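Following: one structure in structure tokens, then a few remarks.
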Amino acid sequence: MEDATKPNNPRVSFTRMADGTREDYELLDRLEEEFAAGTADRVLAHLRELSGSLSGYQVDRLEHSLQSATRAYRDGADEEMVVAALLHDIDDLLVPHSHGELADLLLRPYVTERTCWIVRHHGLF
């Protein structure tokens, strides 16, 4: 377990938000920015976890996702739709019966409302 007092594991001084100092919140802003910068890497790592999932089909969820994105790309879809096609089943391991809703939430900060709707309701297609 890492020591919270070491520089590589900085922590705020408070246990209640109201007791935070300016320095505490500056630290949190910096750490959140660093964490957010790794979002794409975490998404790709999670996508790789679809490999070997959901037996019985001819392809697993990772292959299906790659096929979907490839087909969208070859069909001339824009970059947003290709990414949506790639990630539409990303949360199938966690919530197989409502994975479209979580994929929508994952993409929502980066894509249009139209694309979010398509991802959320892709089971209809």
Original post:
Under the condition of being modelled with pLDDT of 95 or more and small (Gly, Ala, Ser), which residue from the stretch 52-71 is nearest to Val83 (Cα to Cα)?
Top reply: Ala69
Original post:
Could we say that Ser51 is surrounded by 10 or more Cβ atoms within 10 Å (Cβ to Cβ), closer than 17 Å to Ile90 by Cα and of a type in the set (Gly, Ala, Ser) here?
Top reply: yes
**OP:** State whether one or more residues within the stretch 19-30 are in a helix (DSSP H, G or I) and under 15 Å from the mean Cα position of the chain (by Cα).
**Re:** no
Subject >> Subset of the stretch 50-90 that is acidic (Asp, Glu) and not in a loop (DSSP other than H, G, I, E, B) - its residue that is farthest from Glu113 (Cα to Cα) >> reply: Glu63
Subject >> Set Asp24, Asp89, Asp41: member being touching a Ser or Thr at 6+ places or on another chain (Cβ under 8 Å) and under 27 Å from Asn9 (Cβ atoms) >> reply: Asp24
Original post:
What residue, of Leu28, Leu107, is under 20 Å from Leu124 (Cα atoms), without any contact (Cβ under 8 Å) to a residue 40 or more places away in the chain and hydrophobic (A, V, I, L, M, F, W, C)?
Top reply: Leu107
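The values are calculated or read from the model by the stated rules, or taken from the named source; none is laboratory data. Given the structure is predicted, the values throughout are model-derived calculations rather than measurements. Cβ coordinates were reconstructed from backbone atoms using ideal geometry, including for glycine residues, and neighbour counts include every protein chain displayed.
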